[in-house]
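The values are calculated or read from the model by the stated rules, or taken from the named source; none is laboratory data. In this text the structure is predicted, and so the values were computed from the model without any measurement. With ideal geometry, Cβ positions are generated from the backbone for all residues, glycine too; neighbour counts draw on all protein chains shown.
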Amino acid sequence: MNDGKKPIYVTQPHLPPLAEFIPYLEKIWESRWLTNAGPYHQELEVALARYLEVPYLSLFTNGTIALVVALQALRISGEVITTPFSFVATAHSLLWNGIKPVFVDIDPNTFNLDAEKIEAAITPQTTAILPVHCYGTPCDTDRIRQIADRYGLKVIYDAAHAFGVKQNGESLIRHGDLSVLSFHATKVFTTFEGGAIACRDEKTKQRIDYLKNFGIADEVTVVGPGINGKMNEVQAAFGLLQMRYLEQTQKKRSAVDAFYHTEISNIPGIRLLHLPKCTLSNYSYFPILVGEEYPLNRDKLYTVMREHGIFARRYFYPLISEMPMYRGLPSAAIANLPVASRISRQVLCIPIHADLAGEEVEKVIEIVRSGNKCC
Ligand code: T4K
């Protein structure tokens, strides 16, 4: 049924012309400096800190190791409050640190941790909150900060989806004690694999930098049990090249987003996610909710799309709390997470990326519009 056309993926990385990458590679070849805080690494750290409006930033080999190290950097232990509606890496980073995740339900409008439900989940063992700006939609950062201050908790944002998002004209990455980014191939800004931790002060950056490099302070001094989380020079060089294309790719994504909003918003049974006021999106995901009034359920629509070569994704289904390593936790009970449970069974992320052709966008819309009768 895909009539021989190329698959339409939920996302695709935008790759600059290969010829533009060659000079970067030539420099790496010339210098033979491949990793361990080389010149491209240093340049990208500075450029991204400026772009994301954060005082300090430390690059990582991927977002998951960055999350694991962020928790180590702040010496988080005991219990951490987090969302079940995320990519599994969010909670895995807690288990890798021997920390118990405590799941709190999500807000039905933003799909982010419901700030009003956090306090009830705090115990004497709670040391931090790990919220996710899901799909790049800002969390209720003011309320989360208030609660954290009242109970003496740290806040680490999983900002894997939030690269470039602004709220009230300011970068969303500024919030929290730390913010963690992912530069995976599926993200709006990519270094193939990659990630970063944004932090507020030089001392914390120093600790993070030690931790991502085995704890090495100098040739003869190891200050802690660090890991190898370093970004290499090829990744960093690609990041610098990608930065040149950010404005252009964001414009293209924003056009797809606007088209979907116009064409899909009034289809009976389909609900769209609306951003909080004064938010500048990065258009990284386009989630739709397939409600009961729609002729197909979510999984059937997902299957029909696949049959037509459209690879939409059920981000995030199943919930993290439903996975075998988490479902035994008291906070993982469905009765504790009714909103997340419903949304994860209704949500479908439809394709959005900078290189999506007009006819591909129209094909997606056509299938959503015509439900089971389509094409
Ligand atoms: N926190 C959150 C909230 C996250 O969403 C993530 C990652 C992390 C933490 C961890 O960050 P990293 O350690 O990954 O830096 C993908 C990504 O692998 C994952 O990075 C991402 N979240 C998650 C939401 O999505 P999959 O299993 O859906 O990936 P995959 O391989 O099925 O790719 C999806 C589509 O993207 C493909 O159908 C086609 C396209 N694609 C993919 C790749 C890998 C390409 O066009 N080119 C590619 O190279 O997890």
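Looking across Ile343, Ile288, one residue alone is in a strand (DSSP E or B), within 27 Å of Val88 (Cβ to Cβ) and among the aliphatic types (A, V, I, L, M). It is Ile288.
Among the residues of segment 294-320, the one identified as more than 16 Å from the ligand (Cβ to nearest atom), outside any helix (DSSP H, G or I) and buried (at least 19 other Cβ atoms within 10 Å of the Cβ) is Tyr294. Without any contact (Cβ under 8 Å) to a residue 24 or more places away in the chain and not in a helix (DSSP H, G or I), is that true of Arg327? Considered against the rule, which asks whether it is without any contact (Cβ under 8 Å) to a residue 24 or more places away in the chain and not in a helix (DSSP H, G or I), Arg327 comes out as yes.
Condition check ((1) closer than 19 Å to Pro330 by Cα; (2) in contact with a helix residue (DSSP H, G or I) (Cβ under 7 Å, 6 or more places away or on another chain)) across all residues:
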site: Ile28; (1), (2): no, yes
site: Asn36; (1), (2): no, no
site: Glu53; (1), (2): no, yes
site: Leu59; (1), (2): no, yes
site: Glu79; (1), (2): yes, no
site: Trp96; (1), (2): no, yes
site: Val104; (1), (2): yes, yes
site: Ala115; (1), (2): no, yes
site: Glu119; (1), (2): yes, yes
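Where strands (runs of 3 or more DSSP E) sit wholly within segment 62-161, those with at least 3 residues that are within 30 Å of Ala236 (Cβ to Cβ) and touching a residue at least 12 places away in the same chain (Cβ under 8 Å) occupy 154-158. Of Ala340, Ala335, all but one fail to be within 27 Å of the chain's Cα centre (by Cα) and free of Cβ contacts under 8 Å to residues at least 40 places away in the same chain; the exception is Ala335. Among residues that are within 16 Å of the ligand (Cβ to nearest atom), closer than 24 Å to Phe189 by Cα and of a type outside the set (Lys, Arg), Ile156 is included.
For segment 252-275, the criterion of a residue being over 29 Å from Glu20 (Cβ atoms), touching an Asp or Glu at 6+ places or on another chain (Cβ under 7 Å) and either at pLDDT 95 or above or outside any helix (DSSP H, G or I) (or both) is satisfied by at least one position. The residue that is surrounded by the most Cβ atoms within 10 Å (Cβ to Cβ), counting only those in segment 178-195 that are near the ligand (Cβ under 7 Å from one of its atoms) and farther than 26 Å from Lys154 by Cβ, is Thr186. Say whether the condition of being within 16 Å of the ligand (Cβ to nearest atom), over 30 Å from Val364 (Cβ atoms) and either in contact with an Asp or Glu (Cβ under 8 Å, 6 or more places away or on another chain) or not small (Gly, Ala, Ser) (or both) is met by at least one residue in segment 1-13. No, segment 1-13 contains no residue that is within 16 Å of the ligand (Cβ to nearest atom), over 30 Å from Val364 (Cβ atoms) and either in contact with an Asp or Glu (Cβ under 8 Å, 6 or more places away or on another chain) or not small (Gly, Ala, Ser) (or both). Comparison of Phe238, Phe189 shows that the only residue that is at pLDDT 95 or above and either touching a strand residue (DSSP E or B) at 6+ places or on another chain (Cβ under 9 Å) or not in a helix (DSSP H, G or I) (or both) is Phe189. Out of Val222, Val180, one residue alone is within 22 Å of Thr127 (Cβ to Cβ) and of a type outside the set (D, E, K, R). It is Val180.
Filter segment 343-375 for residues that are aliphatic (A, V, I, L, M), crowded, with 16+ Cβ neighbours inside 10 Å and either under 30 Å from Ala120 (Cβ atoms) or within 26 Å of the chain's Cα centre (by Cα) (or both) and give the result. Hits for segment 343-375 are Ile343, Val347, Leu348, Ile350, Ile352, Ala354, Leu356, Val361, Val364, Ile365, Val368.
Just the residues that are in contact with a strand residue (DSSP E or B) (Cβ under 8 Å, 6 or more places away or on another chain) and surrounded by 14 or more Cβ atoms within 10 Å (Cβ to Cβ), please, taken from segment 3-36. Hits for segment 3-36 are Ile8, Tyr9, Val10.
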